[in-house]
Each structure stands twice: as structure tokens, then as C-alpha cells.
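Undergrad: Take a look at this one; I'll ask things after.
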Amino acid sequence: MAVLFAVAPWVGLYPVFVMKVLCFALFACAFNLLIGFGGLLSFGHAMFLGTAGYVSAHAAKEWGLPPELAILAGTAASAALGVVTGLIAIRRQGIYFAMITLAIAQMMFFFYLQAPFTHGEDGIQAVPRGRLFGVLDLSQPMAMYYTVLAIFLFGFLVVYRAIHSPFGQVLKAIRENEPRAISLGYDAERYKLLAFVLSATLSGLAGATKALVFQLASLTDVHWTMSGEVVLMVLLGGMGTIFGPVVGALVIITLENYLAPFGQWVTIITGLIFVVCVLAFRRGIVGEFAAWMERRRARPGG
Amino acid sequence: MTEILGVPTQALFGQLLIGLINGSFYAMLSLGLAVIFGLLNIINFTHGAQYMMGAFAAWFLLNKAGIGYWWSLLIAPLAVGLTGVVVERTMLARLYKLDHLYGLLLTFGLALVIQGVFRNEFGASGLPYRIPEELTGGYNLGFMFLPKYRAWVIVASVVVCLATWYVIERTKLGAYLRAATENPALVQSFGVNVPRMITLTYGFGVGLAALAGVMAAPIYQVNPLMGADLIIVVFAVVVIGGMGSIMGSIVTGFLLGIVEGLTKVFYPEASNTVIFVIMVIVLILRPAGLFGRER
């Protein structure tokens, strides 16, 4: 996959498009960590994407911080927000968890709408990309591209490591049977909170990077439609699979790119994909593919 | 002009009235959500879209069929409720055995589809719907002017809410409903057709949303996105009230509407967020909600 993305701009793909896919793929991977392995459906993840975007854009533009520190600042802000939101939201389970995260995200949306530093509807525009570590000029498309790729791979590996660590196993155990995990001596709430904060932090990393790529932080990234979008990416790609979120992000961003001229059709088709996925396609693209491979292997002599 | 706490009484009562109106809609919508959740265990994300469909149904009836407000109050909820029945039978019914989150995702997708289709047809700007003739004008109460239509909305929604409460808590039908909420298998074994009851309950909840939509049409404009942001506030109302109790969601709805109205007077910057802030505080102090019980 890393090779595929590394050569993508050389085979005629528009770098900005691939960078957008990478940012959303990281966002979706972070989200998948929570829903796919922790069983927690957050309907407010846009707040982490957007918060980090605003903070890093503000840091880069108004404080003149170099890009690496701006990204770090944005990510840290999302992590802090993740701790606060997580502490409140994990008090309730299942559907309530979704509604609470949604409501808190909506609160953040109104906060950013009114706060002066976000410039309301205009957003923070013309964010300077700066020089990475003082040497690499990120206004060069290719330099920016490989930086984004490196950030994505870093985030992806963090998620991969987390899932395949004892922590990830305990998380799965809690998802499957919380009372039993508690009876085995695991502090379920702490594990869930940790997963939530980790997910929020990586979403923040995606948001901060996205703000530098597009040199823009706007209200779109904190709106609830964005929260819905990341749910859709993960659902379509395959919840609880490693590569599912990446595939889902690629498909959805491509779709949006091509459908952009048709206005509201994006919303309608997005909604339809949701309905079809839930009714007939719950394992997602990667999940169904894996199941199909499994069936093939199980067939004797096949 | 008289003042209370440094605020002109006119402004104060004006905002209180707006708060009460908003509260009426919060109450009716969260009531529908609570009834649906009780039996189906599904959070109906389409609720806001169905509220919008109710308003559009009223607009259609008036402008295409010449049917006025009063008949719309009956026809629109029935029509939209019927679409709810179809949705339940064809889609939601397949999800009951799965994790409840799928119901949320499905209804979210449906809401996107419905809102997208209406926006395609009607754009994002609102369509006006005039107040029925019988309810134009208003009363001068001395300290404020009370438009007749707004008084009607408040009274009507209180009546609707109380009637729903009465049916669920005090009649035999409601007893079946509450029993099925506790243990559907047992109720079914007594010969009650539980699947049909579930279908009708969903239809009823949806109809209630549509009724709220019709009542809202003359106040807010008829707009494809009128329910999109509202539903999130109603979710917060539901979390604050706790979904265990019918009366709880009614009282919380009205109460929060008033709180929101008052915030607009005393600290306008926070009026959009006050309900969410209250939600956070309630969650910290009483995670089950004000009237809810843990389950």
C-alpha cells in the first residue's frame, strides 16, 4: 500500500487529490479503531478533525509556528478535547454514546461559529505551509505530498500496533463482553477512554495535516455531516478491518470528486450507500472480500 | 417601560414565548423518539426529516390540492406516518436482531436521502406557509402581545403530549405497549401481535413528528433542512430527560425550550449551546438523565 501511494503522483494522479484521500484515510483509520475494535460509535468525530485544523491553522498563520509544531499543536488540542469528551461520553453506552458525542460536537460547532479566531463562515484562509524542520519547503507539491504520506503511514502504523497489542486484545474483549472483561480484572472504562483519546488524537493529526494541505480550516470540518462521512467511509470499507477505512476513504472521496458538479446528488447517494451497506453489505468492501477469500480457502481442493 | 433584572419585560416575555414554542416542538419530537426507542430500541435519526416532510405535506396540500391547515393536521401525519410504516416493514424490521447501532446508521442514511431529494426539488430557501385565517391576529395581554397562532401551538402540543401520555400510561393498549417494551417474547406468547404493534408504534412516532412539522410550517418557513439541526438538539433533550419516562421527555422538552429562550435574553451568545452544556452537566451528575433509569 505504501508503495502504491508513493508512486501514485507519478502515474498521473493529481497529488492534491491523493493527499485528500490520505488525510481522510487516516481520519477513517482513527475512527475505525474506536468503532471496529472498541465497538463505540462516535457521531461527533468531526470535532477532532476540525479542532486540530483550526488550532494548527491559527498556529501557523497567526503565531508563525513552523509546520511540524503547528501540526503538533493541533493534534495536542484534539487529544485534550478527546480526554474531556471521552470522560463525559463513556458514562453511557451504545446509542447514548452516539447521541452524546453528536451533541458535544454540535456544541463545538457553534463555539467555532462564534469564536473570533476562526473567522466564522470564512474560515482561516491562506494558511502558510512553511518549511518542515526549517529545511523542506512544503509549498513544493511533492515535498508536501511525501510529508503527508509519511504522516499517514505513521498514523496507520500506530493504529496497527494498537490493534495487535495486548491493549487491542483487551479492547476487543470489552467489546464482545464487557462484564466478563471487568470480571477478569480489566478496568473497562479506562481502556475505552484510552481508545477514545487515541482515536481523537489521530483524527486530530489528520485534521491538522489537512489544514496545511489545503491551507484552509473551515466550518465544514466541524459540521455533523463530516462526522457522518467518516462513519460512512469506515462502514463502506469494512468496520474492524485494517485496510477497510483506507478503501472506504478512497471510494468516498473519489465519488465526491466526480459528483461535485451535481450538487445535492452527493447527499442522496451518500445516504443511499449508508442504507445499502446497513441492509446488505455490513462487512464492507474489505470485510466481504476477506469473507470471500475465506470461503474459497475452505472449499476442499479449491 | 417596566424592567425585570435590567431587561425590558416585553423582550423577556417575547423570548419566553419563543422558548415555549420551541419547547413545544422539542417535547413533541422527543416524545416520538422516546416512544419509538422504547419499543424498537432504535434511535430514529430520520425524525428530523420526517418532521420536515410533515411541513412539506401541509404545503403541498394547501398549494396543490387546496386543502387547508385543519385538514392538513390530520392528513399530513397520516401520510407521513404511512411512509414510516413502509420504512419499518421493508428496512428496519431486518435489523432488530443486530446491534442497535445499525438502526441509527440506517435512519441516518435515510435522513440524508430524504433531505437531499427535497433540496434538489425545492432548493435551500424556505417556502412560506400562511397562518390559517381563524388564528391570525392576537391578544393584547397588557404586558405583551400574544399572537393567536402561537398560543394555539402551545396549547395543542400540550394536549397532544398529554393525550399520548394518557394512552401509554393509562389505557389497556398502552399497557400492552409497555409490556412489550419490557419483554416482547412474553407478550407475544399471550397472543398479542407484537410485530404489528412495533410497526404501528413506529408509524405513530413518525406521525407525531409530521404533526409537529405541520404546526411548525406557519412559524418557521417550510425548508428542506428545517429538521436537520433541530434533531441534534432533540437528541440532547432526550439524553437530558432520559428515555425511560414519557412524562420526563415532555417536561424536559418544555423546560429546555424555556431555558433556551431565557438564555437568549440574558446571554445571547450561549443560546445555541446552552442545551448541550446542560446535557454535559446532567451527564456528569446523573448519567441516566433527569427522569431516566439505568438499563
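Undergrad: Can you pull the Rg over Rh of region A:149-302, Cα-only, Kirkwood?
TA: 1.02
Undergrad: Quick check: Cα centre of region B:168-203 to Cα centre of region A:206-228, how many Å?
TA: 46
Undergrad: Would you mind calculating the gained length between A:T225 and A:Y186 on full extension (0.36 nm times residue separation, minus the Cα-Cα distance), in nm to one decimal?
TA: Length gained, A:T225 through A:Y186: 10.5 nm.
Undergrad: Find, among the chymotrypsin sites (Phe, Trp or Tyr not before Pro) in region B:51-107, those assigned to loop by DSSP (not H, G, I, E, B) with at most 16 other beta-carbon atoms within 10 angstrom.
TA: Answer in residue order: B:Y96.
Undergrad: Mind listing the long-range amide H neighbours of B:Y129? Cut-off is under 5 Å, sequence gap 5 or more, other chains count too, H placed in the peptide plane at 1.01 Å from N.
TA: Counting only residues 5 or more places away or on other chains, the set is B:V222.
Undergrad: Bin width 5 Å, origin at 0, all Cα-Cα pairs of region A:211-302: what percent of pairs per bin?
TA: Reading the bins upward from 0: 3, 13, 17, 21, 18, 11, 7, 4, 3, 2, 1, 0.
Undergrad: Name the most mobile residue of A:A52, A:A126, A:A260, meaning the one with the largest mean-square fluctuation, in a Gaussian network model of chain A with Cα contacts below 10 Å.
TA: A:A260
Undergrad: With the contact rule set at Cα under 8 Å and sequence spacing of 6 or more, what percent relative contact order holds for region B:3-285?
TA: Taking the mean separation of contacting Cα pairs over the length of region B:3-285, I get 42 percent.
Undergrad: What is the average number of partner chain Cβ atoms found within 10 Å of a Cβ in A:107-118?
TA: Mean inter-chain Cβ contacts per residue within 10 Å come to 3.
Undergrad: Taking beta carbons within 10 Å but only from partner chains, what does the mean come to for residues A:167-180?
TA: Rounded to a whole number, the mean comes out at 0.
Undergrad: Would you mind classifying region A:13-65 by shape? Square roots of the alpha carbon gyration tensor eigenvalues, ordered a ≥ b ≥ c; an a/c under 1.5 is rounded, otherwise it is prolate if a/b is larger than b/c and oblate if not.
TA: Oblate, because a/c is 1.5 or more while a/b does not exceed b/c.
Undergrad: How big is the B/A interface in buried accessible area, both sides summed, 1.4 Å probe, to the nearest 100 Å²?
TA: Roughly 3800 Å².
Undergrad: Just the number, please: Stokes-Einstein D of region B:118-270 in µm²/s, Kirkwood Rh from C-alpha pairs, 20 °C, 1.002 mPa s.
TA: Result for D is 116 µm²/s.
Undergrad: Which peptide among A:175-184, B:212-221 comes first, and what is the full order, when sorted by highest mean count of other Cβ atoms within 10 Å?
TA: Descending mean neighbour count gives B:212-221, A:175-184.
Undergrad: Select from A:V247, A:V278, A:V230 the residue whose mean-square fluctuation is largest in a Gaussian network model of chain A (Cα-Cα springs shorter than 10 Å).
TA: A:V278
Undergrad: Does anyone have the angle between helix B:69-90 and the longest principal axis of chain B? Alpha-carbon axes, 0 to 90°, nearest 10?
TA: Value to nearest ten degrees: 30.
Undergrad: What order do you get for A:98-106, A:158-166, B:36-44 when each peptide is scored by the mean count of other beta carbon atoms within 10 Å, highest first?
TA: Most protected by this proxy first, the peptides run A:98-106, B:36-44, A:158-166.
Undergrad: With no solvent and one point per C-alpha, what does the Debye sum give as log10 I(q)/I(0) for region A:2-298 at q = 0.09 Å⁻¹?
TA: Log-scaled intensity ratios, in q order: -0.42.
Undergrad: Under the Karplus relation 6.51 cos²θ - 1.76 cosθ + 1.60, θ = phi - 60°, what is the ordered set of whole-Hz ³J(HN,Hα) values for region B:270-277, x standing for Gly and Pro?
TA: 9, 5, 6, 9, 4, 5, 5, 5
Undergrad: Springs between alpha-carbon pairs under 10 angstrom, Gaussian network model over chain B: which of B:S157, B:S189, B:S24 fluctuates most?
TA: Result: B:S189 has the largest fluctuation of those listed.
Undergrad: Within the accessible area of region B:3-285, what % is carbon and sulfur when the probe is 1.4 Å and the other protein chains stay in place?
TA: After summing per-atom areas, the C and S share lands at 66 percent.
Undergrad: For chain B, treating each Cα as an identical point scatterer without solvent, what Debye log10 I(q)/I(0) comes out at q = 0.12, 0.13, 0.14 1/Å?
TA: So the normalised log intensities work out to -0.79, -0.92, -1.07.
Undergrad: I need to check one value: relative contact order of region A:43-145, counting alpha carbon pairs closer than 8 Å and at least 6 residues apart, in percent.
TA: Reported as a whole number, the value is 34 percent.
Undergrad: Within 10 Å of each Cβ in B:39-49, how many Cβ atoms from other chains are there, averaged over the peptide?
TA: 1
Undergrad: Counting only protein heavy atoms, what percent of the accessible surface of region A:2-298 is carbon or sulfur at a 1.4 Å probe?
TA: So the carbon and sulfur contribution to the accessible surface is 68 percent.
Undergrad: Further question: Restricting things to alpha carbons, tell me how big the protein assembly as shown is in terms of Rg and Dmax, in Å.
TA: For the protein assembly as shown, the Cα radius of gyration and maximum Cα-Cα distance read 25.0, 92 Å.
Undergrad: Among B:247-255, B:105-113, B:144-152, how do they line up by average Cβ neighbours within 10 Å per residue, starting with the highest?
TA: The packing order, highest mean first, is B:105-113, B:247-255, B:144-152.
Undergrad: For region B:198-295, what is the accessible area per residue in Å² when the probe is 1.4 Å?
TA: Ligands and nucleic acids excluded, the figure is 34 Å² per residue.
Undergrad: Run through region A:44-146 and list the GluC sites (Glu not before Pro) located in a DSSP loop whose Cβ has at most 16 other Cβ atoms within 10 Å.
TA: A:E62
The values are calculated or read from the model by the stated rules, or taken from the named source; none is laboratory data. Please read these numbers as outputs of a predicted model, since none were measured by experiment. Here the Cβ is made from the backbone with ideal geometry for all residues, glycine too, and neighbour counts use every protein chain on show. Remember, those area values only see protein heavy atoms, side chains included, never the ligands or the DNA or RNA. Shrake-Rupley method; radii C 1.70, N 1.55, O 1.52, S 1.80 Å.
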